[in-house]
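Trainee: Structure provided below as C-alpha cells; questions to follow.
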Amino acid sequence: MENYDVVIGLEVHVELSTNSKLFCGCSTKFGSEPNTQACPVCAGMPGALPVLNGKVVELAIKTGVALACEIAEVSKFARKHYFYPDLSKNYQISQHEPPIAYNGHLLLDGKKIKIKRIHIEEDAGKLIHSDDEFGNSFVDLNRSGMSLLEIVTEPDIKSSLEAEKFLNNLKHILEYLEISDCNMEEGSLRCDANVSVKLKGDNVLGVKTEIKNLNSFKAVRKAIDYEFFRQVSILKQKMDVMQESRLWNEELQITEGMRSKEEAHDYRYFSDPDLPSIYVNKDMLDKAISEIEELPSQRKERLIEEYNLTEYDAEVLTSKKELSDYFEKTASKIRNPKVAVNWIMGDLMAILKEDKIEISNSPVTSEFMVQILTLIEENKITGTSAKEVLYECFKSGKPPEAIVKEKDLIQINDDNLVKDFIKEVLDDNPKAIQDYKAGRKQALGYLVGQIVKKTEGKIDPKIITDSIKKALEEL
C-alpha cells in the first residue's frame, strides 16, 4: 500500500431549504405519508409543465459566491435520460453545460480543493420495498422534484480524512448560510466519491470507481479506505481496475459492484424545451454577495482575535450560526467572554442535548444568559446557585432575576455570618479537624461541602475554602 496514492473527487448532493419543490408548488416537508406531496408535475404526467422556483436560483448563486466560483451569466436546464424506477417521466431535469457556477474552491488548512461545477437538479422519488411474501416494491413521489445542488470537486483530495474534513467544512458553510439544513438522516446531504489509485510520483491517474449514495461522513471515510485497499490489491495482482459504480455495504463494511460507470454521452443530454434559460444579472449577484457577511472560517478567526478564545472553543462555537450568534450576543454584554464560553458550551449545551432542543429554540435566551452571568460577576449569586437558576430558567422560562428573588438565592457576603457558619460546622465535626491536622487534605473538602450544604450554596466556595483554612490554622 505504501507505494500507492489515493486520488479522490467528491460529488455532493445538497437538498435546498425551500418550502416548495424545484418545478412545482408541492411541499418539501419531511416525513409525510407517501404520495401526499405530489402533483402532475413531480409525478411526470404528460402535458404537465414545470415552473422554476426562483428561490432555488438565489440559493445556487449564494453557494457559488461562498465557494469562490464564477457565476454563469446564462445557464440552462437539460434532460438527463436514464432509467429511474422512482422518477416517473424517465429523465431527470438537471444542468449540463453550462452549470450555474464553476471554477471555485474551498480552502482546507491553506490548501485549495477546487470546485469544478455547481449545478441545479431535481431529486428522484423513493422506492419502498415490502417484506411480505410477494416482495412488492412501491414508489413514494414525495421526494420527487425536490430541489438539489450538486457540488462537484476536482480530484484534489488525497486521503479519506481529508475528504471527511472537506465535507464537514462544506456542511458548516451550507448550514451557516441557511442554504440547506444538511440533515443527513433525512437525506438532505448525500455524497458520491470517485476513487482511483496511482503509483507514488506518477502523474497519470488510475481508473476510477464511483461509490454512490454515501449518507454519513463515517461511511465516506470507510468506503474510500476500503476502495483504496481493493484497487491496490487488484493492481498488485497485475489485473485491471474496472470503471464502475459501486455501493457501500454498511453491514459487511465493503463496496459492492452496482453497474458499469456511465459517461456523459450515455445520458443523452439535450436542452429542456419547457424551461427557459437562467439569466443572472448584477443585482442578483450583488444580493448574494451582500448576504454573505462572514463565512464560518472567517468568523472563527475573528472570535479568536476579538474574544481571545482558544481555537477549539472558536471551532465549536462557529459550527452553527445560531450558536455563534448566541455567544456573541452574550459575550458582548459581560466583562469576561471566557465565562460565557464555559457556560454556553458546558451547562447550557448539556441541558439542550438532554432535551434534544436546538439553541435557536432555547428557553434560556441570550438575554437570560447575560442576566445569569452578570449576577455572578456582581457577586449576587454563587456558581452553585447559578446552575440552579439556569436549570429553573430552562424549565419554566422565568427570568433569572425573578428566580433568584423567588428562591432567595442571593449570595451571602457578610463576613460575620460566614464566620458563624464556619464555627458551627467546625464545632459539629471535630474528627474532620483532627484528620486535616494529621495531613489528610480531603478533610478540607468535606468541611467545605458541609458549609455549602448548610448555606444551600449561597457562599462562594473560594471564600469558604480561604476562610476555613484560616480558621483551622487558628485552632
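Values quoted throughout were computed directly from the atomic coordinates according to the rules given, and no laboratory measurement underlies them. Keep in mind that this is a model prediction, so the values were computed, not measured. Quick reminder, even Gly has a Cβ in these numbers, built from the backbone with ideal geometry, and neighbours come from all protein chains shown.
Trainee: Using the C-alpha atoms of region 112-161, what convex hull volume per residue, in cubic angstrom, is computed? Display every interim value, and only then the final one.
Mentor: Working: hull volume 6.5 nm³, N = 50.
Dividing the Cα hull volume of region 112-161 by its residues yields 130 Å³.
Trainee: Here is a further query. Taking only the alpha-carbon positions of region 89-198 and ignoring solvent, what does the Debye formula give for the base-10 log of I(q)/I(0) at q = 0.11, 0.15 Å⁻¹?
Mentor: -0.47, -0.80
Trainee: Still on this structure, please answer the following. Write down, largest first, the equivalent ellipsoid semi-axes of region 192-280 in whole Å, where each equals the square root of 5 times an eigenvalue of the alpha-carbon gyration tensor.
Mentor: So the equivalent ellipsoid measures 30, 18, 13 Å along its semi-axes.
Trainee: Could you pull the Rg and Dmax for region 359-401, using just the Cα atoms, both in Å?
Mentor: 9.7, 29
Trainee: Dipole of the chain (Lys/Arg Cβ +1, Asp/Glu Cβ -1, origin at the Cα centre): which of Met349, Ile157, Gln237 lies farthest to the positive side?
Mentor: Among Met349, Ile157, Gln237, the one farthest towards the positive end of the dipole of the chain is Gln237.
Trainee: In straight Cα distance, which aspartates and glutamates are under 13 Å from Lys321, not counting same-chain residues fewer than 8 positions off?
Mentor: Straight-line reach from Lys321, under 13 Å: Glu175, Glu178, Asp181, Glu293, Glu294, Glu358.
Trainee: Could you work out the per residue convex hull volume over the alpha carbons of the chain, in cubic angstrom? Display every interim value, and only then the final one.
Mentor: Numbers: hull volume 113.6 nm³, N = 475.
That works out to 239 Å³ per residue.
Trainee: Using θ = phi - 60° and the Karplus form 6.51 cos²θ - 1.76 cosθ + 1.60, what ³J(HN,Hα) does each residue of region 372-378 get, whole Hz, x for Gly and Pro?
Mentor: Those phi angles translate into 4, 5, 5, 4, 5, 4, 8 Hz.
Trainee: Given Ile179, Ile115, Asn249, which one lies farthest toward the positive end of the charge dipole of region 4-285, if we put +1 on the Cβ of every Lys and Arg and -1 on the Cβ of every Asp and Glu?
Mentor: Ile115
Trainee: Could you give the spread of the C-alpha atoms of region 4-285 along their three principal axes, from largest to smallest, in whole angstroms?
Mentor: 58, 55, 34
Trainee: Per residue of region 18-27, in order, report the coupling 6.51 cos²θ - 1.76 cosθ + 1.60 (Karplus, θ = phi - 60°) as ³J(HN,Hα) in whole Hz, putting x for Gly and Pro.
Mentor: 10, 7, 10, 6, 5, 10, 8, x, 5, 5
Trainee: Another one. Determine ³J(HN,Hα), in whole Hz, for all residues of region 323-339 in sequence, where each value follows from phi through the Karplus function 6.51 cos²θ - 1.76 cosθ + 1.60 and θ = phi - 60°; x replaces Gly and Pro.
Mentor: Rounded to whole hertz, the list is 5, 4, 4, 4, 4, 5, 4, 7, 5, 5, 10, 10, 6, 10, x, 4, 5.
Trainee: Now, a different point. Sort Glu154, Glu311 by Cβ crowding within 10 Å, fewest neighbours at the top. All intermediate terms of the calculation are to be shown ahead of the outcome.
Mentor: Numbers: Glu154 15, Glu311 11.
By the 10 Å Cβ count, ascending, the order reads Glu311, Glu154.
Trainee: Also, I was wondering about something else. Please give the charge dipole size of the chain, origin at the Cα centre, charges +1 on K and R Cβ atoms and -1 on D and E Cβ atoms. Round to the nearest 20 debye.
Mentor: Numbers: 64 positive and 81 negative charges, 148 e Å.
It comes to approximately 700 debye.
Trainee: Would you order His13, His172, His119 from fewest to most other beta-carbon atoms within 10 Å of each residue's own beta-carbon?
Mentor: Placing the least packed residue first, the sequence is His13, His172, His119.
Trainee: Give the long-range amide H neighbours of Asp272: residues separated by 5 or more places, or on another chain, with amide H under 5 Å away, using H modelled in the peptide plane at 1.01 Å from N.
Mentor: It is Phe77, Ala78, Arg79, by chain and number.
Trainee: Another one. Give me Ile211, Ile224, Ile359 ranked fewest to most by other Cβ atoms within 10 Å of their Cβ, as a rough exposure proxy.
Mentor: The order, fewest Cβ neighbours first, is Ile359, Ile211, Ile224.
Trainee: Do any trypsin sites (Lys or Arg not before Pro) in region 173-227 lie in a loop, going by DSSP, with at most 13 other beta-carbon atoms within 10 Å of their beta carbon, and if so which?
Mentor: Lys200
Trainee: Mind checking which of Phe77, Ala43, Ala60 is farthest towards the positive end of region 39-89's charge dipole, using Cβ charges of +1 (Lys, Arg) and -1 (Asp, Glu) about the Cα centre?
Mentor: Ala43
Trainee: Determine the alpha carbon to alpha carbon distance for each of Lys222/Lys356; Lys62/Lys158; Lys300/Lys329; Lys114/Lys282; Lys218/Lys300 and list only those over 19 Å.
Mentor: Lys222/Lys356; Lys62/Lys158; Lys114/Lys282; Lys218/Lys300, as the Cα separations exceed 19 Å there.
Trainee: How far, in degrees from 0 to 90, does helix 415-428 lean away from the longest principal axis of the Cα atoms of the chain, to the nearest 10?
Mentor: Long axis of 415-428 versus the principal axis of the chain: about 80 degrees.
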